[in-house]
Each structure stands twice: as C-alpha cells, then as structure tokens.
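A.B. asks: One structure is given below, represented as structure tokens, and several questions about it will come after.
Read the figures in this text as sums done on the coordinates, not as results from a lab. Source: prediction; values computed, not measured. All Cβ positions, glycine included, derive from the backbone under ideal geometry; neighbour counts span all protein chains shown.
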Amino acid sequence: MSKMITNRYTLIMTALLAMLVLIPLAHAQQYSNTAPPFSIVSVSSVPSPTITGGVSRITITLIYTGGYYLYNTEFSLTPCSGTVVSQNPVFIGWLNPGQEVTVTYLVNSTLPINCQSTLAISWGAEYETSARAQVTTYIEVAGSGSMNMNFPMVIYGSPIITAYTKTQYLVSNLVNPVGGLVVSNNGSGPIYDLQVNVGGVSGGATLAAGSNTVVIGTLNPGSNYTVALYVLPTSSGPVTINVGYTGLDQGGNTVSGSISISMNVIAVSSSQVIVYPVNSSLSIGSGELIIGIRNVNPVPIYNVTLVLTSTQGLSLAGNTTYDIAEIPPGTIDYVYVPVAVPISSSSASITYSLTYQYTGGYPGSVQGTMTVSVLNEPSILVTGYQVAPTPLTIGDTGSVSLNFVNTGPVSAYNLNITAIPGPGIKLVSQSSTYMGTLNSQQLSAVAFSFTVMRVMNTTITFQIQYTDQFGQQHVQYYTVPITVIRNATLLTQSASQLGSQGTNYSGYYYYTHHRANYFTYIIIALAVVAVVVIIAVVLVLRRRHGGES
C-alpha cells in the first residue's frame, strides 16, 4: 500500500515538473507568432521648395505598446512615389514597452504625393524581465521577427510668394508706372485665394492711382501676376513699396507674408540732352553736317526723333527727320546730314527739334539752332585737256595741255603742277610748272612735251598742289589717257641689205622712217605744184579762147 502511494506521489511530482517546464515554452510560443503592437502617432512633412524633382522630408512618430523588449529594431520606408535618398532603414536598437520613437526620411519625388506607403519594422529578438532576479535580468522569450504597417503619405507642395518691379528707379516729380508690380509663385505648390495688398509707400512718395488691394485667386507654381502700380515721388530720397499677401496652400493652411521693394529716385531734365554740331565748319559745295546728341541724364532715353525744320546758308540734300531707338546714359549718338553750301555763304545755321521718352513713356523735348562757319577754300577744277598730234606714233614728240579754273571763292596760292608720265612716256620738258597765284574764277592752262617709246595705251597723271589762305596744303590728281599706234609708212629692204647694216637695227629704223617722211613731203609738194600749173594753163586757155571769139 505504501509502495503504491509512493509511485502515485512520484507521478504527481513528475507531472508538476513537466507543467513548470512546458508553461514558459507555451507562453513563449504564443508571443512568437504574434507581431508586437505599434501605433502611428503622427506623420508630418516638409515639402521640396522646387516645382519638380525636389527632396522632401517626411517624419513618422510611432509608439510601441507591446509588453516585451525589442532588440535591434529597424524601420524601413517604401514610398509610394519617388525614392528615399537618406538612410534607409533607420536603426533604433532597443525598444521598451510604451516607448515612443520618431524616424525621418528624405524622399526625392515630384509633388504632390498622396498615396499609401509602407513602413517595415524588424527586430532581432523579444525579451522580458525576470521577476525573481535580485537585479534586472532579461530573458529571451521569442526570436527575430518583422511586420509591415501601411499609412497614407501626403506631401503637398508649398507656395513661395515673391514680388518685384521691372522698374529700377523712379523719376522725380513724375507719375511713374512702376513697370507693373509682378507677383510670382516660385514654390512647389499652388496658393489659393491669394490676395495682395500694397500697404503703403514710404520715403517721400504716394500711390498716384489704382487700388491698394488686388484679389488674384489661384497662382500655380511658376506663374506670375502683374499688378498695375503708379507712384509719385515727392522727394529725392529712396522709396520703399510695402506689399503684403495672404492665401491658402494645398493642405488648407494659411500662407501669408510681406515684401518690401526699394527704388531710388533720380532727377532728369531736358537740359541734360544736348544737341550740337560735331564739325565746326563746312566747305563750299556738297558736304556732310554731323550732329551729335549727348544724353547726360543718369537714365536712358528712348524713341529719339530729330527734326530739322529750317536752314540758312546751306541746303539739306537728304532727309529732314532722323530716328534713334535708344541713347544710353552718358553716351553720344550721331546723325549724318548731307548738305550743300552755296559759294555765297560765309556761315550756316540749322534749326532743330528733338523729342524723346524716358522709361515708362514720359515725354521730353529740346529745341534750338546750330550755327557753323563756312570755310571759303579755293577749288581747282580741270575743264579739259588736249593731246597733239593725235594719234601718236612711235618716236613722235607730242604735247599735252591741261585747262583748269579756280571755282572757289578765294585765291589758290603756290599753285604747282607736276606731270607724272606713265609707261612708255618720256618727258622732254620739265616735269613741274610753278603757276603761283590763281584768283577766284580765273582760267589758266599748262603744257608739257614728251616722246613716246613704244606702242601701248598709257597715261600722264597731273599732280595739282596749292595752298589756301590759311596755309593749308591741298593736293589733287588728274589723269590724261595717251594712245600710241604703229607707224603709218613702213619701208622694206632685202635681207642682204639688212645684214650689211650690222646690228644697229634701231638706228636703221629711225633713218628709214624719217627718210620715208621726207619723200612723203616732197611728193605732196610736187602734187601741189602740179595742181597750180594745171589751174594756170586752164585759165590761160580760157582767156585765149574768149579773145578769139
């Protein structure tokens, strides 16, 4: 009986020990198959400032509500749009029950983003603390594991509002259209219900026209809106335009701000646009009057028009209106006006009217008269030439004479004419002739003799030099064509006769040529005598015949 009791006791103790061993194992097996609980507390984002292809920041805050300690915890983000360019996964390590954790990622994507993304959580093991240990002791109750959490990832673009004016300065004492106040959205998202308010102008200026408040509405990224703005500066100091704005972004959040635009004030005057003659004098006859237009203003002038209205002492040979698109500050533009000055003029004047515009279309004008002196200079005009004999043959001695007149209103002094022979021409006379003084409208002539050396078309060029009453030297050239042909009479000899003459062929040619000329003269003289004799005989016969009758 006692033995049976002992065996039963042994079985009970074995069963109890087995239960003590299996209960923890069962407890561990229960939690190893269940993912630790996590809850997402919040998801926030900072959008990219650029319209496309920018990097946005997304921050996820979670709380771990499980009862075990997690070892080697990591969080990996798989975005529904774009690519994570920061550290991914994010390593956290130990997580305590009830601990809150925040992970941040940088995502390169085009905005906006509004879709389901996945956050993968993984750990190396699960632990609990021992209640019987004297010190805190962690007991592994489960191995590694992972889980996925889906959440909406929303990143809207953010508008960035700027304002500027195309006008860089204001003109004092004039109503300035500020080139339009340009409101721009340089951000990555639109702004809705945008309203712009020009709060005021400081620094000695007032708004001259237009409403202070403008409702723009929607302004998408990269878009502009121009607000008409007119400012009247009342002092010479800088002017500041204060611009405020308000609106809503894609998330419905209020977006507002203020912008200050500063501009300098400059003074302009028609006296700073100067019209003047560049050439201080004109010559008698056709010429060119050069007119300079200098803009001394610190700003450019546009649409410049010069109108020449009346003249004295000269005649306009071309247009009377000249247009220039722009003259920058501190620069000069030139107008070239063809004119004709009569011989009777001692001075000349021209009346002009100049109109222009400043930036913004402000008009300006200046009028006046320009006066220039007329230089009374001598002017030698060649009226003709003669070449004798014509045509010329080889060996002939010819002459060329030049006729000219001083068409200027004053005398030409130290007149000297030089003949410059061309190829095949040899001067017989002196090459230069000093004429001295040639008075106004006085005719004169000069002649040079020369010989020709070979058959060709050549020239003789005359250099005409003289000085005016101021001692200034003038030089001009005139060219006369010279034509040389072959001789009209040619004598021939036999080859033996030519051979007996030796090698002096040129001397023989000169001798035979001139002997042929002598024979020609004798024949002509005999013919003239014969004609005279015949006429005398006819007259005698007629007288005798009349007497017999």
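A.B. asks: At q = 0.13, 0.18, 0.22, 0.25 Å⁻¹, what base-10 log of I(q)/I(0) does the Debye formula yield for the stretch 393-478 when every alpha carbon is treated as an equal point scatterer in vacuo?
C.D. replies: For the stretch 393-478, the Cα-only Debye profile gives -0.47, -0.77, -1.00, -1.19.
A.B. asks: Once amide H atoms are placed 1.01 Å from N in the peptide plane, what residues at a sequence separation of 5 or more from ILE139, or on another chain, have their amide H within under 5 Å of its amide H?
C.D. replies: GLU128, THR129, SER130
A.B. asks: Take each of the peptides 77-89, 56-68, average the number of other beta-carbon atoms within 10 Å over its residues, and list them starting from the highest.
C.D. replies: 56-68, 77-89
A.B. asks: Rounded to whole Hz and in sequence order, give me ³J(HN,Hα) for the stretch 246-258 from the Karplus expression 6.51 cos²θ - 1.76 cosθ + 1.60, θ = phi - 60°, writing x for Gly and Pro.
C.D. replies: Here the 3J(HN,Hα) series is 8, x, 10, 8, 5, x, x, 7, 6, 10, 8, x, 9 Hz.
A.B. asks: Using Cα centres only, tell me the gap between the stretch 297-313 and the stretch 42-103 in whole Å.
C.D. replies: Using only Cα atoms to place each centre, the spacing works out to 72 Å.
A.B. asks: Roughly what would the spin-label model give for GLN472 and SER449, points 7 Å off Cα along C-beta, in nm?
C.D. replies: 4.0
A.B. asks: Three principal axis extents, largest first, for the C-alpha atoms of the stretch 314-415, in Å?
C.D. replies: For the stretch 314-415, the Cα extents along the three principal axes come out at 81, 31, 23 Å.
A.B. asks: Quick check on packing: order 468-476, 305-313 by the mean number of other C-beta atoms within 10 Å, highest mean leading.
C.D. replies: 305-313, 468-476
A.B. asks: Another one. Between the stretch 127-205 and the stretch 439-476, what is the separation of their alpha carbon centroids in Å?
C.D. replies: 91
A.B. asks: Any chance you could list P(r) for the stretch 374-424, counting all Cα-Cα pairs in 10 angstrom bins from zero, rounded to whole %?
C.D. replies: Bins of 10 Å from zero give 19, 39, 24, 14, 4, 0 percent of pairs.
A.B. asks: Over the stretch 119-241, one equal point on each Cα, no solvent: what is log10 I(q)/I(0) by the Debye formula at q = 0.15, 0.20 Å⁻¹?
C.D. replies: -0.81, -1.07
A.B. asks: Another question, then. Would you tally the net charge around VAL255, using a Cβ to Cβ cut-off of less than 13 Å, leaving VAL255 out, and scoring K and R as +1, D and E as -1? Mind dumping the intermediate values first?
C.D. replies: Working: positive: none; negative: ASP193, ASP249.
Local net charge: -2.
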